[in-house]
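The values are calculated or read from the model by the stated rules, or taken from the named source; none is laboratory data. Predicted model, so just to flag it, every value in this text is computed and none were measured. Counting neighbours? That spans all protein chains shown, and the Cβs are built from the backbone with ideal geometry, glycine included. For the accessible areas, the whole protein counts, side chains as well, though only heavy atoms, and no ligand, DNA or RNA atoms are used. Shrake-Rupley method; radii C 1.70, N 1.55, O 1.52, S 1.80 Å.
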Amino acid sequence: VADLWWIYSKPVPADGRELWTLFLQCSCITAVIGGLFYNWMFASLEYSWRLSVAVAVSFSLLLLLTLLLVHPARCVFSMIMPTLGTKQGRKLLFSTCTMIAVVNITPNIISNLKTILQVIKCICKNSSDSLLNSTALPEKVSWEFGDAIQETVHSIYKPMNGHFRFSLLQNSSLIYQKVHLAGEKISREFLSVEVLVKDSIQVANRLAAGFFMLYLCFESTWYLKNYLTNLRFDNFYITKKLERLAVDRKAAHLLVGSSKKLIRPTGLKLSWEEVVLCIVQAMLVTVALMLMLVVMAMDHFAFSLADTVVRRAAQFSAVPVALNIKYKVEIGIIPFLLKIFGRPSWELLLGDFNRTYHHHLIFSSAHCRISPPTPPNPSVLLAVGLLFCILYATVFLETYARRLCREIAASFFQSREEERVLYLYRKLSRRHRK
(Lines give C-alpha, C1' and ligand atoms only; values in the text may rest on other atoms or scores of the structure.)
Protein backbone atom coordinates (compact mmCIF):
# COMPACT_ATOMS: atom_id res chain seq x y z
CA VAL A 1 0.00 0.00 0.00
CA ALA A 2 2.84 2.38 0.81
CA ASP A 3 4.44 1.71 -2.58
CA LEU A 4 1.16 2.27 -4.41
CA TRP A 5 0.60 5.55 -2.57
CA TRP A 6 4.16 6.60 -3.32
CA ILE A 7 3.60 6.05 -7.06
CA TYR A 8 0.24 7.83 -6.89
CA SER A 9 1.61 10.88 -5.08
CA LYS A 10 4.77 11.29 -7.22
CA PRO A 11 4.77 14.22 -9.67
CA VAL A 12 6.17 12.13 -12.52
CA PRO A 13 6.42 8.30 -12.79
CA ALA A 14 10.03 7.06 -12.86
CA ASP A 15 9.56 4.28 -15.45
CA GLY A 16 6.98 2.40 -17.50
CA ARG A 17 6.00 0.12 -14.61
CA GLU A 18 5.08 3.09 -12.41
CA LEU A 19 3.21 4.70 -15.32
CA TRP A 20 1.18 1.53 -15.88
CA THR A 21 0.49 1.23 -12.14
CA LEU A 22 -0.62 4.87 -12.00
CA PHE A 23 -2.94 4.30 -14.98
CA LEU A 24 -4.56 1.29 -13.30
CA GLN A 25 -4.99 3.23 -10.05
CA CYS A 26 -6.63 6.17 -11.81
CA SER A 27 -8.83 3.83 -13.87
CA CYS A 28 -10.13 2.06 -10.76
CA ILE A 29 -10.75 5.35 -9.01
CA THR A 30 -12.63 6.87 -11.95
CA ALA A 31 -14.73 3.70 -12.41
CA VAL A 32 -15.87 3.81 -8.78
CA ILE A 33 -16.47 7.57 -8.82
CA GLY A 34 -18.35 7.30 -12.13
CA GLY A 35 -20.69 4.67 -10.68
CA LEU A 36 -21.33 6.73 -7.57
CA PHE A 37 -21.85 9.85 -9.70
CA TYR A 38 -24.43 8.02 -11.87
CA ASN A 39 -26.28 6.74 -8.81
CA TRP A 40 -26.27 10.21 -7.26
CA MET A 41 -27.71 11.84 -10.40
CA PHE A 42 -30.28 9.12 -11.14
CA ALA A 43 -31.46 8.09 -7.67
CA SER A 44 -30.97 11.23 -5.61
CA LEU A 45 -31.34 14.10 -8.08
CA GLU A 46 -33.87 12.20 -10.25
CA TYR A 47 -32.35 12.90 -13.65
CA SER A 48 -33.20 10.56 -16.53
CA TRP A 49 -31.04 7.47 -16.84
CA ARG A 50 -29.83 8.48 -20.30
CA LEU A 51 -28.61 11.85 -19.10
CA SER A 52 -27.13 10.28 -15.96
CA VAL A 53 -25.20 7.69 -17.99
CA ALA A 54 -23.93 10.29 -20.48
CA VAL A 55 -22.78 12.72 -17.79
CA ALA A 56 -21.24 9.95 -15.65
CA VAL A 57 -19.25 8.51 -18.59
CA SER A 58 -18.06 11.95 -19.72
CA PHE A 59 -17.11 12.90 -16.17
CA SER A 60 -15.22 9.61 -15.69
CA LEU A 61 -13.17 10.04 -18.87
CA LEU A 62 -12.35 13.66 -18.03
CA LEU A 63 -11.42 12.69 -14.48
CA LEU A 64 -9.18 9.88 -15.73
CA LEU A 65 -7.19 12.21 -18.00
CA THR A 66 -6.95 14.86 -15.29
CA LEU A 67 -5.73 12.48 -12.60
CA LEU A 68 -3.25 10.84 -14.95
CA LEU A 69 -1.70 14.02 -16.31
CA VAL A 70 -2.05 16.70 -13.59
CA HIS A 71 -0.22 16.07 -10.31
CA PRO A 72 -1.87 18.87 -8.25
CA ALA A 73 -5.26 17.66 -9.49
CA ARG A 74 -4.56 14.25 -7.97
CA CYS A 75 -3.78 15.96 -4.68
CA VAL A 76 -6.98 18.05 -4.79
CA PHE A 77 -9.06 15.01 -5.69
CA SER A 78 -7.51 12.99 -2.87
CA MET A 79 -8.34 15.77 -0.42
CA ILE A 80 -11.97 15.84 -1.58
CA MET A 81 -12.58 12.47 0.07
CA PRO A 82 -11.77 13.61 3.63
CA THR A 83 -13.36 17.00 2.86
CA LEU A 84 -16.65 15.13 2.57
CA GLY A 85 -16.37 14.72 6.32
CA THR A 86 -16.42 18.49 6.82
CA LYS A 87 -19.26 21.00 6.60
CA GLN A 88 -19.29 20.80 2.80
CA GLY A 89 -19.99 17.09 2.96
CA ARG A 90 -22.75 17.79 5.48
CA LYS A 91 -24.36 20.20 3.04
CA LEU A 92 -24.50 17.44 0.44
CA LEU A 93 -26.07 15.12 3.00
CA PHE A 94 -28.60 17.81 3.92
CA SER A 95 -29.42 18.11 0.23
CA THR A 96 -29.96 14.34 0.03
CA CYS A 97 -32.25 14.40 3.09
CA THR A 98 -34.27 17.21 1.55
CA MET A 99 -34.67 15.26 -1.68
CA ILE A 100 -35.80 12.16 0.23
CA ALA A 101 -38.43 14.23 2.03
CA VAL A 102 -39.64 15.80 -1.22
CA VAL A 103 -39.82 12.54 -3.19
CA ASN A 104 -41.28 10.29 -0.47
CA ILE A 105 -42.84 12.22 2.41
CA THR A 106 -44.58 15.15 0.70
CA PRO A 107 -46.54 13.04 -1.84
CA ASN A 108 -47.60 10.71 0.98
CA ILE A 109 -49.00 13.62 2.99
CA ILE A 110 -50.91 14.93 -0.03
CA SER A 111 -52.23 11.42 -0.81
CA ASN A 112 -53.67 11.10 2.71
CA LEU A 113 -55.25 14.55 2.44
CA LYS A 114 -56.86 13.43 -0.84
CA THR A 115 -58.29 10.42 0.99
CA ILE A 116 -59.88 12.74 3.55
CA LEU A 117 -61.37 14.84 0.75
CA GLN A 118 -62.77 11.69 -0.90
CA VAL A 119 -64.50 10.79 2.36
CA ILE A 120 -65.98 14.30 2.64
CA LYS A 121 -67.12 14.12 -1.00
CA CYS A 122 -68.75 10.73 -0.38
CA ILE A 123 -70.57 12.00 2.73
CA CYS A 124 -71.81 15.09 0.88
CA LYS A 125 -73.08 13.02 -2.05
CA ASN A 126 -74.86 10.39 0.05
CA SER A 127 -76.29 12.85 2.55
CA SER A 128 -77.67 15.07 -0.23
CA ASP A 129 -79.17 11.99 -1.92
CA SER A 130 -80.74 10.85 1.33
CA LEU A 131 -82.02 14.35 2.04
CA LEU A 132 -83.63 14.58 -1.38
CA ASN A 133 -85.31 11.24 -0.85
CA SER A 134 -86.62 12.45 2.49
CA THR A 135 -88.65 15.21 0.74
CA ALA A 136 -91.17 12.55 -0.29
CA LEU A 137 -92.05 12.04 3.37
CA PRO A 138 -93.73 15.46 3.92
CA GLU A 139 -95.74 14.90 0.74
CA LYS A 140 -97.01 11.58 2.05
CA VAL A 141 -97.75 13.09 5.45
CA SER A 142 -99.61 16.04 3.94
CA TRP A 143 -101.92 13.87 1.87
CA GLU A 144 -102.74 11.51 4.71
CA PHE A 145 -103.25 14.47 7.02
CA GLY A 146 -105.51 16.13 4.47
CA ASP A 147 -107.55 12.99 4.06
CA ALA A 148 -108.00 12.80 7.83
CA ILE A 149 -109.20 16.42 7.92
CA GLN A 150 -111.73 15.68 5.19
CA GLU A 151 -113.06 12.71 7.15
CA THR A 152 -114.46 14.71 10.07
CA VAL A 153 -117.67 13.56 11.73
CA HIS A 154 -119.85 16.53 10.84
CA SER A 155 -119.74 17.64 7.29
CA ILE A 156 -120.77 21.15 8.27
CA TYR A 157 -117.34 21.65 9.78
CA LYS A 158 -115.53 19.96 6.92
CA PRO A 159 -113.06 22.29 5.23
CA MET A 160 -113.16 22.74 1.48
CA ASN A 161 -109.76 21.07 1.00
CA GLY A 162 -107.43 19.69 3.63
CA HIS A 163 -104.48 18.90 1.35
CA PHE A 164 -101.15 20.73 1.37
CA ARG A 165 -99.19 21.33 -1.79
CA PHE A 166 -95.39 20.72 -1.80
CA SER A 167 -93.03 21.72 -4.57
CA LEU A 168 -90.48 18.89 -4.48
CA LEU A 169 -87.13 18.67 -6.18
CA GLN A 170 -87.31 15.32 -7.91
CA ASN A 171 -84.25 15.73 -10.19
CA SER A 172 -81.07 15.23 -8.13
CA SER A 173 -78.65 15.26 -11.07
CA LEU A 174 -77.94 18.97 -10.60
CA ILE A 175 -76.76 18.48 -7.01
CA TYR A 176 -74.70 15.43 -7.99
CA GLN A 177 -73.09 17.40 -10.77
CA LYS A 178 -72.19 20.29 -8.46
CA VAL A 179 -70.74 17.97 -5.82
CA HIS A 180 -68.71 16.14 -8.49
CA LEU A 181 -67.39 19.37 -10.00
CA ALA A 182 -66.41 20.69 -6.56
CA GLY A 183 -64.51 17.48 -5.79
CA GLU A 184 -62.75 17.51 -9.17
CA LYS A 185 -61.74 21.16 -8.69
CA ILE A 186 -60.25 20.45 -5.27
CA SER A 187 -58.39 17.41 -6.65
CA ARG A 188 -56.93 19.46 -9.51
CA GLU A 189 -55.81 22.18 -7.09
CA PHE A 190 -54.13 19.63 -4.85
CA LEU A 191 -52.42 18.03 -7.83
CA SER A 192 -51.16 21.38 -9.11
CA VAL A 193 -49.84 22.31 -5.66
CA GLU A 194 -48.13 18.91 -5.34
CA VAL A 195 -46.47 19.22 -8.75
CA LEU A 196 -45.42 22.82 -8.11
CA VAL A 197 -43.90 22.07 -4.71
CA LYS A 198 -42.14 18.93 -5.94
CA ASP A 199 -40.72 20.59 -9.07
CA SER A 200 -39.61 23.73 -7.21
CA ILE A 201 -37.82 21.86 -4.45
CA GLN A 202 -36.35 19.43 -6.98
CA VAL A 203 -34.85 22.26 -9.05
CA ALA A 204 -33.60 24.02 -5.93
CA ASN A 205 -32.06 20.80 -4.65
CA ARG A 206 -30.30 20.15 -7.96
CA LEU A 207 -28.86 23.65 -8.01
CA ALA A 208 -27.78 23.36 -4.38
CA ALA A 209 -26.20 19.95 -4.97
CA GLY A 210 -24.25 21.24 -7.98
CA PHE A 211 -23.12 24.29 -6.04
CA PHE A 212 -22.01 22.20 -3.06
CA MET A 213 -20.02 19.86 -5.31
CA LEU A 214 -18.25 22.77 -6.97
CA TYR A 215 -17.62 24.38 -3.60
CA LEU A 216 -16.24 21.08 -2.35
CA CYS A 217 -13.66 21.13 -5.13
CA PHE A 218 -13.00 24.80 -4.48
CA GLU A 219 -12.40 24.25 -0.77
CA SER A 220 -9.88 21.47 -1.46
CA THR A 221 -8.14 23.70 -3.99
CA TRP A 222 -8.19 26.59 -1.53
CA TYR A 223 -6.63 24.41 1.16
CA LEU A 224 -3.85 23.26 -1.17
CA LYS A 225 -3.21 26.81 -2.32
CA ASN A 226 -2.83 28.05 1.27
CA TYR A 227 -0.71 25.03 2.14
CA LEU A 228 1.72 25.82 -0.67
CA THR A 229 1.81 29.62 -0.28
CA ASN A 230 1.42 30.26 3.45
CA LEU A 231 3.89 28.64 5.86
CA ARG A 232 1.75 29.53 8.88
CA PHE A 233 -1.47 28.00 7.50
CA ASP A 234 -2.53 24.91 9.51
CA ASN A 235 0.99 24.52 10.86
CA PHE A 236 0.74 23.60 14.55
CA TYR A 237 1.31 19.83 14.54
CA ILE A 238 4.10 17.76 16.06
CA THR A 239 4.93 15.62 13.04
CA LYS A 240 7.60 12.95 12.74
CA LYS A 241 9.72 15.26 10.60
CA LEU A 242 9.58 17.95 13.28
CA GLU A 243 10.56 15.44 15.95
CA ARG A 244 13.52 14.21 13.87
CA LEU A 245 14.61 17.80 13.18
CA ALA A 246 14.45 18.65 16.90
CA VAL A 247 16.42 15.53 17.82
CA ASP A 248 19.08 16.19 15.16
CA ARG A 249 19.55 19.72 16.46
CA LYS A 250 19.38 18.58 20.10
CA ALA A 251 16.33 20.69 20.85
CA ALA A 252 13.78 18.08 21.84
CA HIS A 253 12.85 20.22 24.84
CA LEU A 254 11.17 22.69 22.46
CA LEU A 255 8.43 20.18 21.72
CA VAL A 256 7.94 19.30 25.38
CA GLY A 257 7.56 22.91 26.43
CA SER A 258 5.12 23.68 23.65
CA SER A 259 2.96 20.59 24.08
CA LYS A 260 0.01 22.72 25.22
CA LYS A 261 -0.04 24.70 21.99
CA LEU A 262 0.91 21.93 19.56
CA ILE A 263 -0.98 18.72 18.91
CA ARG A 264 -0.11 15.49 17.20
CA PRO A 265 -1.96 14.89 13.91
CA THR A 266 -2.42 11.21 14.70
CA GLY A 267 -3.66 11.79 18.25
CA LEU A 268 -7.22 12.24 19.54
CA LYS A 269 -6.53 15.51 21.35
CA LEU A 270 -8.67 18.47 20.29
CA SER A 271 -7.85 22.10 20.84
CA TRP A 272 -10.34 24.42 22.53
CA GLU A 273 -11.22 26.07 19.21
CA GLU A 274 -11.91 22.69 17.66
CA VAL A 275 -14.17 21.68 20.55
CA VAL A 276 -16.21 24.90 20.27
CA LEU A 277 -16.54 24.39 16.51
CA CYS A 278 -17.81 20.84 17.03
CA ILE A 279 -20.44 22.04 19.51
CA VAL A 280 -21.69 24.77 17.16
CA GLN A 281 -21.89 22.39 14.20
CA ALA A 282 -23.71 19.79 16.32
CA MET A 283 -26.32 22.41 17.27
CA LEU A 284 -26.89 23.25 13.59
CA VAL A 285 -27.33 19.57 12.75
CA THR A 286 -29.81 19.27 15.64
CA VAL A 287 -31.88 22.15 14.25
CA ALA A 288 -31.99 20.44 10.84
CA LEU A 289 -32.96 17.18 12.55
CA MET A 290 -35.85 18.91 14.34
CA LEU A 291 -37.16 20.32 11.06
CA MET A 292 -36.99 16.88 9.45
CA LEU A 293 -38.77 15.35 12.45
CA VAL A 294 -41.55 17.94 12.07
CA VAL A 295 -42.03 16.89 8.44
CA MET A 296 -42.11 13.21 9.43
CA ALA A 297 -44.56 13.96 12.25
CA MET A 298 -46.82 15.70 9.72
CA ASP A 299 -46.69 12.54 7.59
CA HIS A 300 -47.70 10.33 10.53
CA PHE A 301 -50.41 12.80 11.60
CA ALA A 302 -51.89 12.96 8.08
CA PHE A 303 -51.98 9.15 7.91
CA SER A 304 -53.52 8.84 11.37
CA LEU A 305 -56.15 11.46 10.54
CA ALA A 306 -57.00 9.86 7.19
CA ASP A 307 -57.19 6.39 8.75
CA THR A 308 -59.47 7.66 11.52
CA VAL A 309 -61.74 9.47 9.06
CA VAL A 310 -62.06 6.41 6.81
CA ARG A 311 -62.81 4.07 9.72
CA ARG A 312 -65.33 6.45 11.29
CA ALA A 313 -67.02 7.06 7.95
CA ALA A 314 -67.38 3.31 7.45
CA GLN A 315 -68.98 3.07 10.89
CA PHE A 316 -71.58 5.75 10.16
CA SER A 317 -74.98 4.18 10.68
CA ALA A 318 -78.19 5.44 9.20
CA VAL A 319 -79.63 8.28 11.29
CA PRO A 320 -83.30 7.61 12.07
CA VAL A 321 -85.70 10.53 11.63
CA ALA A 322 -89.16 10.34 13.20
CA LEU A 323 -91.98 12.75 12.25
CA ASN A 324 -94.91 12.66 14.68
CA ILE A 325 -98.18 14.39 13.72
CA LYS A 326 -100.82 14.98 16.38
CA TYR A 327 -104.07 16.67 15.32
CA LYS A 328 -107.18 17.05 17.45
CA VAL A 329 -110.28 19.18 16.70
CA GLU A 330 -112.90 20.00 19.32
CA ILE A 331 -115.75 22.53 19.40
CA GLY A 332 -117.35 24.01 22.52
CA ILE A 333 -121.19 24.38 22.62
CA ILE A 334 -122.08 27.99 23.59
CA PRO A 335 -119.40 28.10 26.31
CA PHE A 336 -120.25 31.59 27.59
CA LEU A 337 -123.93 30.71 28.34
CA LEU A 338 -122.92 27.60 30.21
CA LYS A 339 -120.54 29.66 32.32
CA ILE A 340 -123.32 32.11 33.21
CA PHE A 341 -125.56 29.32 34.50
CA GLY A 342 -122.70 27.60 36.28
CA ARG A 343 -122.76 24.57 34.05
CA PRO A 344 -119.58 22.84 32.92
CA SER A 345 -118.56 23.44 29.34
CA TRP A 346 -119.35 20.80 26.77
CA GLU A 347 -117.07 20.03 23.84
CA LEU A 348 -117.66 18.00 20.72
CA LEU A 349 -114.77 15.99 19.22
CA LEU A 350 -114.71 16.49 15.48
CA GLY A 351 -111.48 14.73 14.52
CA ASP A 352 -108.35 13.06 15.93
CA PHE A 353 -105.08 12.33 14.02
CA ASN A 354 -101.98 10.82 15.66
CA ARG A 355 -99.40 9.11 13.45
CA THR A 356 -95.61 8.68 13.39
CA TYR A 357 -93.54 8.48 10.19
CA HIS A 358 -90.00 7.10 10.02
CA HIS A 359 -87.14 7.81 7.67
CA HIS A 360 -83.36 7.16 7.63
CA LEU A 361 -80.61 9.60 6.59
CA ILE A 362 -77.60 7.80 5.07
CA PHE A 363 -74.17 9.52 5.12
CA SER A 364 -71.85 6.85 3.69
CA SER A 365 -72.07 4.04 1.20
CA ALA A 366 -69.95 1.07 0.18
CA HIS A 367 -70.14 2.24 -3.43
CA CYS A 368 -67.95 5.30 -2.78
CA ARG A 369 -64.49 5.15 -4.36
CA ILE A 370 -62.14 5.95 -1.49
CA SER A 371 -58.45 5.14 -1.79
CA PRO A 372 -57.01 3.61 1.40
CA PRO A 373 -54.71 5.78 3.53
CA THR A 374 -51.01 5.41 2.72
CA PRO A 375 -48.87 4.67 5.80
CA PRO A 376 -45.43 6.30 6.16
CA ASN A 377 -42.63 4.35 4.53
CA PRO A 378 -40.37 2.91 7.27
CA SER A 379 -37.45 2.70 4.85
CA VAL A 380 -37.55 6.49 4.50
CA LEU A 381 -37.30 6.87 8.27
CA LEU A 382 -34.39 4.41 8.29
CA ALA A 383 -32.57 6.23 5.48
CA VAL A 384 -33.00 9.66 7.07
CA GLY A 385 -31.92 8.31 10.45
CA LEU A 386 -28.80 6.77 8.92
CA LEU A 387 -27.95 10.02 7.12
CA PHE A 388 -28.27 12.03 10.32
CA CYS A 389 -26.09 9.53 12.16
CA ILE A 390 -23.46 10.16 9.49
CA LEU A 391 -24.00 13.91 9.89
CA TYR A 392 -23.36 13.76 13.63
CA ALA A 393 -20.32 11.58 13.01
CA THR A 394 -18.89 14.11 10.54
CA VAL A 395 -19.30 16.86 13.16
CA PHE A 396 -16.82 15.17 15.47
CA LEU A 397 -14.64 13.76 12.68
CA GLU A 398 -14.27 17.07 10.86
CA THR A 399 -11.11 17.96 12.77
CA TYR A 400 -9.49 14.65 11.93
CA ALA A 401 -10.60 15.01 8.29
CA ARG A 402 -8.73 18.32 8.10
CA ARG A 403 -5.67 16.70 9.62
CA LEU A 404 -5.91 13.99 6.97
CA CYS A 405 -6.03 16.70 4.29
CA ARG A 406 -2.79 18.09 5.66
CA GLU A 407 -1.19 14.64 5.60
CA ILE A 408 -2.26 14.16 1.97
CA ALA A 409 -0.85 17.54 0.94
CA ALA A 410 2.40 16.75 2.78
CA SER A 411 2.78 13.42 0.97
CA PHE A 412 2.24 15.03 -2.45
CA PHE A 413 4.57 17.99 -1.80
CA GLN A 414 7.29 16.71 0.49
CA SER A 415 9.76 19.52 -0.21
CA ARG A 416 7.15 22.07 0.83
CA GLU A 417 6.41 20.08 3.98
CA GLU A 418 10.09 20.26 4.92
CA GLU A 419 9.98 24.04 4.55
CA ARG A 420 6.90 24.21 6.76
CA VAL A 421 8.52 22.01 9.41
CA LEU A 422 11.66 24.18 9.38
CA TYR A 423 9.52 27.32 9.71
CA LEU A 424 7.67 25.86 12.72
CA TYR A 425 10.94 24.79 14.33
CA ARG A 426 12.42 28.28 14.00
CA LYS A 427 9.22 29.77 15.40
CA LEU A 428 9.43 27.51 18.46
CA SER A 429 13.11 28.37 18.90
CA ARG A 430 12.45 32.10 18.86
CA ARG A 431 9.63 31.71 21.32
CA HIS A 432 11.82 29.64 23.62
CA ARG A 433 14.60 32.24 23.55
CA LYS A 434 12.18 35.02 24.42
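The slack between Leu191 and Ile120, meaning 0.36 nm per residue of separation minus the straight C-alpha distance, is 23.8 nm. With R₀ set to 60 Å, the beta-carbon distance separating Ser411 from Leu305 gives a calculated FRET efficiency near 0.55. For the stretch 1-69, go through all pairs of different Cα atoms, get the mean of 1/r, take its inverse, and jot down that Kirkwood value in Å. This gives a value of 13.0 Å.
Taking a threshold of 18 Å on the Cα-Cα distance, which of the pairs Lys225/Lys427; Lys140/Lys326; Lys250/Lys427; Lys241/Lys427; Lys114/Lys185; Lys125/Lys185 fall above it? Beyond 18 Å: Lys225/Lys427. Note on Cys217 and Gln315: their simple-model spin labels are 6.0 nm apart, each label 7 Å out from Cα toward Cβ.
Put simply, when 294-307, 2-15 are sorted by average Cβ atoms within 10 angstrom per residue, most first, you get 294-307, 2-15. For the pair Ala2 and Val70, label points projected 7 Å from Cα toward Cβ lie 3.2 nm apart. Mean sequence separation of contacting Cα pairs (under 8 Å, at least six apart), scaled by the length of the stretch 1-65, corresponds to a relative contact order of 29 percent. When both the stretch 388-434 and the stretch 32-96 are represented by their alpha-carbon centers, they are found 26 Å apart.
Among the protein heavy atoms, those of Glu407 account for about 80 Å² of accessible surface (1.4 Å probe, every chain in place). Ranked by the mean number of other Cβ atoms within 10 Å per residue, highest first, peptides 218-228, 26-36 order as 218-228, 26-36. When nucleic acids and ligands are ignored and a 1.4 Å probe is applied, Cys124 ends up with an accessible area of around 60 Å².
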